[in-house]
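Chemist: Below is a structure I'd like to ask you about.
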Amino acid sequence: MDYQAAFESAVRRVRAEGRYRVFADLMRYKGQFPRARWRRPDGDVRDVTVWCSNDYLGMGQVPCVVESMKSAIDTVGSGAGGTRNISGTTRYHVELEASLADLHQKEAALLFTSGYIANEATLATLGKILPGLIIYSDELNHASMIEGVKGARCEKHVWRHNDVAHLEELLKVAPIDAPKVIAFESVYSMDGDIGPIKEVCDLAEKYNALTYLDEVHAVGLYGQRGAGIAERDGLMHRVDIIEGTLGKAFGVMGGYIAADGAICDAIRSMASGFIFTTALPPALAAGARASVEYLKASHHLREKHQERAETLKNRLRDAGYPVMDSITHIVPVQVGDPVLCKRISDRLLEEHDIYVQPINYPTVPRGTERLRLTPTPLHSDEMFDALINALDDVWEESAAAGDSGLASA
């Protein structure tokens, strides 16, 4: 076996499909988000505007968050010192879990090192805890949920995206007393649509199922206190397990679940992804708690965020760009070709100092490649002007160079 050739061949296939990714060397300016410094491969450094960050509210640079992290480092040092079970639980972790439980109005919360691990570990562990479990997963669920469902090693069914009639068809053929989990998301981050939470909860009650809701692209951003779409719609009490992240709207790092005490205790006691992983550094826990508490009382930021997203959608549509249907803060602009998508992204960065990554397969299905814009409350009208002017410059010329059927602006 020629191992080197195998790896090189794998990369060549990705390149040939036009979806090879190159990391941009960026450093954000503290206090000036969404401005950042981009270091080019030739060593030149230029200022750019970031248009694709999941730090949706710029909380990663809010003074109370930064100062809380600095204070924790000054108090206890850098790392946690071990897994939560052995030596890695600090007062910072305990307080953050209490803050998250309060946010979602649940008895308890459990921290993980990322939202990915929270999904994978929790869903996989449900298969260990509930003999004969059947999991029903929305077809557009995140990769972390898919891996968790696989890890559960139980019967599983994929229901058509947001199609509750199809979900019921699948539920009704299972024994009523069989344990069931319906796993879905609130905000689907690539298309910007919302899961039918009420309708799923209705079916869960009818067919004796638990509900597992991924709110990672909604926590901090929706609801009066930022608990997500379930809070906004008055449905938190009907969802059994809510999963969220600290690495997007809260601007730090980590993931969690919030549920009743028995569920969190069982996952804590049996999930390998929790038991055998070093705990989050105390500074991250401290910063995350400061961010969660800040956003509980900062609804004005959520209102500004929604206004910025809606304004950008309208401006892009008015300029003739193919904005995909989105009822959330996600602003996806359809391109439909991986090579062209990367060409547009590269030219925006090289020629206009605008950083937005192309979204290609496997993140989205082939043929639906797009630019995924995420305006924040800190993106100004002048930044909107610069973005649209830059698109006007690169859009049709890039399409012509690729002989593509890309929609004209």
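Chemist: Counting just the residues of segment 151-164 that are out of contact with any helix residue (DSSP H, G or I) (no Cβ under 6 Å at 6 or more places or on another chain) and closer than 19 Å to residue 216 by Cβ, which one comes out surrounded by the most Cβ atoms within 10 Å (Cβ to Cβ)?
Modeler: That would be 162.
For every residue, the table says whether it meets (1) crowded, with 20+ Cβ neighbours inside 10 Å; (2) out of contact with any Pro (no Cβ under 6 Å at 6 or more places or on another chain); (3) part of a loop (DSSP other than H, G, I, E, B).
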| residue | (1), (2), (3) |
| --- | --- |
| 249 | yes, yes, yes |
| 286 | yes, yes, no |
| 300 | no, yes, no |
| 305 | yes, no, no |
| 308 | yes, no, no |
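Chemist: Would you pick out the residues in segment 322-346 that are of a type outside the set (Val, Ile, Thr), open to solvent by less than 10 Å² (accessible area, probe 1.4 Å) and in a loop (DSSP other than H, G, I, E, B)? Give the derivation first.
Modeler: Pass one, segment 322-346, residues of a type outside the set (Val, Ile, Thr): 322, 324-326, 329, 332, 334, 336-338, 340-343, 345-346.
Subset that is open to solvent by less than 10 Å² (accessible area, probe 1.4 Å): 329, 332, 340-341, 345.
Listed by number, the list holds a single entry, 329.
Chemist: Filter segment 310-321 for residues that are part of a loop (DSSP other than H, G, I, E, B) and not aromatic (Phe, Trp, Tyr) and give the result.
Modeler: Step one: list which residues in segment 310-321 are part of a loop (DSSP other than H, G, I, E, B), which gives 319-321.
Within segment 310-321, 319, 320 qualify.
Chemist: Let me ask you something else. Go through segment 251-268 and report how many residues are of a type outside the set (A, V, I, L, M), more than 16 Å from residue 108 (Cα to Cα) and open to solvent by 10 Å² or more (accessible area, probe 1.4 Å).
Modeler: Qualifying residue count, segment 251-268: 1.
Chemist: Regarding segment 189-201, can at least one residue be identified that is open to solvent by 30 Å² or more (accessible area, probe 1.4 Å) and in a helix (DSSP H, G or I)?
Modeler: Yes, the conditions are met somewhere in segment 189-201.
Chemist: State all residues of segment 165-188 that are surrounded by fewer than 19 Cβ atoms within 10 Å (Cβ to Cβ) and in contact with a Pro (Cβ under 8 Å, 6 or more places away or on another chain); if no residue qualifies, say none.
Modeler: Across segment 165-188, there are no qualifying residues.
Chemist: Would you check if residue 50 is open to solvent by less than 30 Å² (accessible area, probe 1.4 Å) and within 23 Å of the chain's Cα centre (by Cα)? Give the steps one after another, and end with the answer.
Modeler: Values: open to solvent by less than 30 Å² (accessible area, probe 1.4 Å): yes; within 23 Å of the chain's Cα centre (by Cα): yes.
Yes.
Chemist: Taking residue 322, is it touching a Lys or Arg at 6+ places or on another chain (Cβ under 8 Å), modelled with pLDDT of 95 or more and on the phi < 0 side of the Ramachandran plot? Full working, then the answer.
Modeler: Numbers: touching a Lys or Arg at 6+ places or on another chain (Cβ under 8 Å): no; modelled with pLDDT of 95 or more: yes; on the phi < 0 side of the Ramachandran plot: yes.
The answer is no for residue 322.
Chemist: Name the single residue, out of those in segment 204-247 being aromatic (Phe, Trp, Tyr) and part of a loop (DSSP other than H, G, I, E, B), that is surrounded by the most Cβ atoms within 10 Å (Cβ to Cβ).
Modeler: Going through segment 204-247, the residues aromatic (Phe, Trp, Tyr) turn out to be 207, 212, 222.
Filter again for part of a loop (DSSP other than H, G, I, E, B), leaving 207, 222.
Numbers: 207: 19, 222: 26.
In this case the residue turns out to be 222.
Chemist: Right, here's the next one. Looking at segment 350-364, is at least one residue open to solvent by less than 20 Å² (accessible area, probe 1.4 Å), among the polar types (S, T, N, Q) and assigned to a loop (DSSP other than H, G, I, E, B)?
Modeler: yes
Chemist: Could I ask something else about it? Condition test on residue 408, is it open to solvent by less than 10 Å² (accessible area, probe 1.4 Å), modelled with pLDDT under 95 and more than 28 Å from the chain's Cα centre (by Cα)?
Modeler: Values: open to solvent by less than 10 Å² (accessible area, probe 1.4 Å): no; modelled with pLDDT under 95: yes; more than 28 Å from the chain's Cα centre (by Cα): yes.
Answer is no for this residue.
Chemist: Here is a list of conditions, (1) more than 23 Å from the chain's Cα centre (by Cα); (2) open to solvent by less than 70 Å² (accessible area, probe 1.4 Å), and residue 8 meets all of them except one; can you say which number that is?
Modeler: (2)
Chemist: Report yes if some residue within segment 24-42 is open to solvent by 10 Å² or more (accessible area, probe 1.4 Å), of a type in the set (A, V, I, L, M, F, W, C) and at pLDDT below 95; otherwise report no. Show your work before the answer.
Modeler: Let us first name the residues in segment 24-42 that are open to solvent by 10 Å² or more (accessible area, probe 1.4 Å), namely 24-33, 35, 37-42.
Retained after the next criterion (residues that are of a type in the set (A, V, I, L, M, F, W, C)): 24, 26-27, 33, 38.
Filter once more, so that each one left must be at pLDDT below 95: 24.
So far as segment 24-42 goes, yes, one or more of its residues are open to solvent by 10 Å² or more (accessible area, probe 1.4 Å), of a type in the set (A, V, I, L, M, F, W, C) and at pLDDT below 95.
Chemist: From the list 366, 372, 343, exactly one residue is under 26 Å from residue 58 (Cα atoms) and among the charged types (D, E, K, R). Which is it? It would help to see each step written out before you state the result.
Modeler: On the way: 366 fails: under 26 Å from residue 58 (Cα atoms); 343 fails: under 26 Å from residue 58 (Cα atoms).
Matching residue, one of 366, 372, 343: 372.
Chemist: Quick check on residue 75: is it touching an Asp or Glu at 6+ places or on another chain (Cβ under 7 Å) and either open to solvent by less than 60 Å² (accessible area, probe 1.4 Å) or at pLDDT 95 or above (or both)? Give the derivation first.
Modeler: Values: touching an Asp or Glu at 6+ places or on another chain (Cβ under 7 Å): no; either open to solvent by less than 60 Å² (accessible area, probe 1.4 Å) or at pLDDT 95 or above (or both): yes.
Against the criterion (touching an Asp or Glu at 6+ places or on another chain (Cβ under 7 Å) and either open to solvent by less than 60 Å² (accessible area, probe 1.4 Å) or at pLDDT 95 or above (or both)), residue 75 does not qualify.
Chemist: Being small (Gly, Ala, Ser) and in contact (Cβ under 8 Å) with a residue 40 or more places away in the chain: is that true of residue 220 here? Don't jump to the end; show me each part of the working.
Modeler: Working: small (Gly, Ala, Ser): yes; in contact (Cβ under 8 Å) with a residue 40 or more places away in the chain: yes.
Taking the combined requirement at face value, the residue satisfies it.
The values are calculated or read from the model by the stated rules, or taken from the named source; none is laboratory data. Because the structure is a prediction, the values reported are computed rather than measured. Positions of Cβ are generated from backbone atoms using ideal geometry, with glycine treated the same way; all protein chains shown enter the neighbour counts. Note: accessible area is taken over every heavy atom of the protein model, side chains too, but ligands, DNA and RNA are not part of it. Shrake-Rupley method; radii C 1.70, N 1.55, O 1.52, S 1.80 Å.
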